[in-house]
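Visitor: Following this message is one structure expressed as structure tokens.
The values are calculated or read from the model by the stated rules, or taken from the named source; none is laboratory data. The model shown is predicted, which means the values in this text are computed figures rather than measured ones. Quick reminder, even Gly has a Cβ in these numbers, built from the backbone with ideal geometry, and neighbours come from all protein chains shown.
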Amino acid sequence: MLDLRPVISAIGALVCILAAAMWLPAIIDFRDGHEEWRVFATSSGLTLFFGLALMLGTRTPQRRRSVRQTYLIATFGWMVPALFAALPLVYGPLQLSVTDAVFEAMAGLTATGATVIRGLDALPRGLLLWRALLGWLGGIGIIALAISVLPDLAVGGMQMFRLEVPGPAERATSRGKRIAASILAGYCGATALLALALWLAGMSGFEALVHAMGTISTSGASTSDSSIGHFDSAAITLLITLGMILGGMPFLLFFHLLRGNRKIVARDHQLRWYFALLLLGTMGVTAWLMTSRGLAPLDAARHGALTVVSVMTGTGHFTLEYGTWGGMPAAILFFLAFVGGCAGSTSGGIKVFRFQFLFADALMQIRRLLRPHAVLIASFNRRPIPEEVLGSVMGFLFVYALSFAMLAMSLAFLGLDFVTAVSAAASALANLGPGLGPEIGPGGSYAGLPDLAKWLLSLGMLTGRLELFTVLVLFVPAFWRQ
């Protein structure tokens, strides 16, 4: 029988972390004289009570968790904190409905960037910080999931990134702690450096902190409905673009860089594809902005680069409202939204490495047509790709396409027009945030959508963030019968 105590205890620990985080916006609002600080303080106390009850009431001897327990922790470790994270949104000055508050909290923790809130410019600083903090915490959780959980669960080819640690368990534990410390230091350091650079570029200290957290975590948190366009600064646009590029890169690189393994970083084929796709997309959108919108070359390159990087990494920042663009730029952005960033990054999407696997497999099939008796093996980063990994990637892509189609059709059934339904489904699964069209495009909001659509999109954001199978396996009856 499945022992749920380790699952409940782990979820309780995550809820306690969330309760501690609530004090940061509470302190900000207290200093600003906003009564919202009482809501955060009360929400923190309530959250801490339930977190400690879950954690201490289910304590068990330390032992290795089973695969089924890991699936449950990964899924409910996002769902349950999202419910508590919604408390300040329900009982604060926004007075959001439960549906809207859970949607907003889920969008934050999954680093999606979708929002139902209008008028960010007039919100108390505590709420703005809370939105950014949710995305930032979700970002580090996503990295931990991609490095320590998904490879062991063999989800969609992620087993190729399993950390091989020879030797006894003590050595594995020690190396795991060093990797975690390096990644956390890199994540916090990158956020701090970007915040400092944005402050020097002209943002206030608070604006710089919020945008740095929203950029490195690729959650897209901002202090204005106009996002980066509010500042109308070439320097800020460039810094945000560089920060989003960093957010879409594998954070395991920090560990290798700190150990002096620069050759591993330079030879990473996934990074080469990542930069190549960003460059090609930027060139296409820049050319369109110059020819169709009449922008000067430098301005077109600046806006084009930020838009392409934002969409591909799933951040959601913008300087131009691309939601009404059509033709070539819309096609480029729609494709790149599905591609996403690198494995082990904070970005969403299918991930670059899976497209590399498909390309390597297709190339191998073509060569087999020319040389039927040759022994050909697809490779990735100079390592052979096992057949079961290719099969896992194929299955992932099929389920991804099926999930997208079902979510889009469900939204259309609820009355959404074609563009809104398709782009909202794509945005949720890719954890992008803004969709296309005047309603949910950049600068828009999901507030006008039916409540059932918001619940479906919340499920889509969670499913997309956890790589589909981690959530879908819970709906298989055999999972619970073992």
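Visitor: Return the pair list, or none, for Cβ contacts closer than 7 Å from residues in region 41-57 that are closer than 14 Å to P81 by Cα to residues that are outside any helix (DSSP H, G or I), at least 6 apart or on different chains.
Guide: S43/M22; S44/M22; T47/M22
Visitor: Kindly list, by first and then second residue, each pair from a residue in region 302-316 that is closer than 14 Å to A337 by Cα to a residue that is among the aromatic types (F, W, Y), limited to pairs with Cβ atoms under 7 Å and residues at least 6 apart or on different chains.
Guide: Partner pairs satisfying both residue conditions: T307/F318; T307/Y322; S310/F318.
Visitor: I'd like the residue in region 217-241 that is at pLDDT below 95 and under 17 Å from the mean Cα position of the chain (by Cα) and, out of all such residues, is surrounded by the fewest Cβ atoms within 10 Å (Cβ to Cβ).
Guide: S222
Visitor: Filter region 464-475 for residues that are at positive phi and either surrounded by 23 or more Cβ atoms within 10 Å (Cβ to Cβ) or in a helix (DSSP H, G or I) (or both) and give the result.
Guide: E467
Visitor: Right, here's the next one. Which condition breaks for R118 when tested against (1) among the charged types (D, E, K, R); (2) in a loop (DSSP other than H, G, I, E, B); (3) without any contact (Cβ under 8 Å) to a residue 60 or more places away in the chain?
Guide: Just one mismatch for R118, condition (3).
Visitor: If I go through region 242-271 residue by residue, how many of them are modelled with pLDDT of 90 or more and either more than 21 Å from A111 (Cβ to Cβ) or out of contact with any Cys (no Cβ under 8 Å at 6 or more places or on another chain) (or both)?
Guide: 6
Visitor: Another question, then. For T291, are the conditions met, namely being polar (S, T, N, Q) and under 22 Å from A185 (Cβ atoms)?
Guide: In short, no.
Visitor: Going by the conditions given, is T237 under 23 Å from A107 (Cβ atoms) and either in a loop (DSSP other than H, G, I, E, B) or touching a residue at least 24 places away in the same chain (Cβ under 8 Å) (or both)?
Guide: Criteria not met by T237.
Visitor: Which condition does I28 not pass, out of (1) touching a residue at least 12 places away in the same chain (Cβ under 8 Å); (2) under 22 Å from A111 (Cα atoms), if it passes all the others?
Guide: (2)
Matching residues to (1) under 20 Å from M249 (Cβ atoms); (2) assigned to a helix (DSSP H, G or I):
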residue	(1), (2)
H317	yes, no
M328	no, yes
M394	no, yes
S410	no, yes
L416	no, no
S427	no, yes
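Visitor: Then there is this: Could you say which residue among A412, A478 is surrounded by fewer than 15 Cβ atoms within 10 Å (Cβ to Cβ), free of Cβ contacts under 8 Å to residues at least 12 places away in the same chain and more than 25 Å from S222 (Cβ to Cβ)?
Guide: Criteria check complete, one pass: A478.
The rows are residues; the columns are (1) loosely packed, with under 13 Cβ neighbours inside 10 Å; (2) of a type in the set (F, W, Y); (3) without any contact (Cβ under 8 Å) to a residue 24 or more places away in the chain.
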position	(1), (2), (3)
I366	yes, no, yes
H373	yes, no, yes
A378	no, no, yes
P386	no, no, yes
L390	no, no, no
L397	no, no, no
L432	no, no, no
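Visitor: Which of the residues spanning region 434-463 are buried (at least 20 other Cβ atoms within 10 Å of the Cβ) and of a type in the set (S, T, Y)?
Guide: Matches in region 434-463: Y446, S458, T463.
Okay, residues lined up against (1) buried (at least 20 other Cβ atoms within 10 Å of the Cβ); (2) within 16 Å of L134 (Cα to Cα); (3) of a type outside the set (V, I, T):
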site: T42; (1), (2), (3): no, no, no
site: L46; (1), (2), (3): no, no, yes
site: G51; (1), (2), (3): yes, no, yes
site: L56; (1), (2), (3): no, no, yes
site: R59; (1), (2), (3): no, no, yes
site: R64; (1), (2), (3): no, no, yes
site: A82; (1), (2), (3): yes, yes, yes
site: T99; (1), (2), (3): no, no, no
site: A105; (1), (2), (3): yes, yes, yes
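Visitor: Would you mind finding the one in L306, L298, L271 that is among the hydrophobic types (A, V, I, L, M, F, W, C), within 30 Å of P384 (Cβ to Cβ) and part of a helix (DSSP H, G or I)?
Guide: The match here is L271.
Visitor: Can you find, within region 257-306, the residue that is farthest from L246 (Cα to Cα) among those that are among the aliphatic types (A, V, I, L, M) and in contact with a His (Cβ under 9 Å, 6 or more places away or on another chain)?
Guide: L295
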